[in-house]
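As C-alpha cells, the structure follows; a few thoughts come after it.
Nothing in this text is a laboratory measurement; each read-out follows from the coordinates by a stated rule. None of the values given here were measured: they were computed from a predicted structure.
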Amino acid sequence: MRILLVEDDRDLGPAVAMGLRNEAYAVDLAATRGEAEELLCANDFDVVCLDLGLPDGDGLELLRRLGTDPHLRPPRRVIVLTARDAVDDRVAGLDSGADDYLVKPFDFAELAARLRALARRADVREAVLAVGDLRLDAAAHRAWRGGTELELTAREFSMLRYFMHRPGEVLSTEEILEHVWDAQADPFTASVRVILSRLRRKLGEPGPIATVVGAGYRLEAP
Ligand code: CA
C-alpha cells in the first residue's frame, strides 16, 4: 500500500513516515501543500494522510481539489490528521471527501490500526495477505499454505480472502454470506457450510479455521 503523508511538522512528519515504513508501507512525505500536489500529479496513492494546517494553504482546500482537479490523481482513501478537534472541522473534513479523521496528538498505533482498517476495504489495492502459514495474492488469485499452492474455486478463494482480512475475528454465517456471495446469488446459509467444509479440506491439517459454537467461525491468527 502506497501512502502520501502530508505533514509540515518537522518532527512529527519524519517520525510518522518512519513508523509507517516500519509497518511495511511505501511512504512519500510532503511538508507543504505544493509538494503534495506535485506528488499527486505524478503518482497513484492508496491513502493520503493529510494534515489540514499547512504553511502554504489549507489541507481542506486540497481535499476538495482532489475530486475536481483533473491534474491530480485522487487517492483511494484519505485520512485527515489535524489538531482541530472541533465538530465543525470534522464535519467539513468528512464532507470534503475524507474517509477517516484522526485528532492530534494521536497514538501512532491508532493511525496504524486505522490504515489497516482502510486497507481491508475492498477497493484498496491489496498486497499479498499473510496469516500464519497462509498467503494469498488477491490480484493474481492465488493462495498458498506453507510452500504449497492451494487449488481453490472462485468461491473458496473469496471465502479464504474474507477470513484473511479478519484474522482472529469470529465471523457469523450471515456475515460470510453477505461478503462472499454477491447480491445476484441466492444461496442458503447451508451453502456457506458446504463451501467452508471444502475450503477446510483443501487447507489441510491442522485446520486453521475454528468453529465457535453458536457464533460462527474464526481464522486462527498465530
Ligand atoms: Ca500543520
Assuming a ≥ b ≥ c are the square roots of the Cα gyration tensor eigenvalues, decide whether the stretch 69-123 counts as rounded (a/c under 1.5), prolate (otherwise, with a/b larger than b/c) or oblate.
-> oblate
Quick one: what do you get for the stretch 2-122 if you divide its Cα Rg by 2.2 N^0.38 Å?
-> 0.95
Descending Cα extents along the principal axes, the chain, whole Å = 58, 35, 32
Any chance you could give the angle, 0 to 90 degrees and rounded to 10, that helix 33-42 forms with the longest Cα principal axis of the chain?
-> 50
Give me the percent of Cα-Cα pairs in the stretch 125-219 that sit more than 22 Å apart, rounded to a whole number.
-> 22
Dividing the helical contributions, -39500 (n - 2.57) per DSSP H run of n ≥ 4, by the residues of the chain yields a 222 nm value, nearest 500 deg cm²/dmol, of -12000 deg cm²/dmol
Among DSSP beta bridges whose residues both lie in the stretch 2-122, state the antiparallel percentage, nearest 5.
-> 10
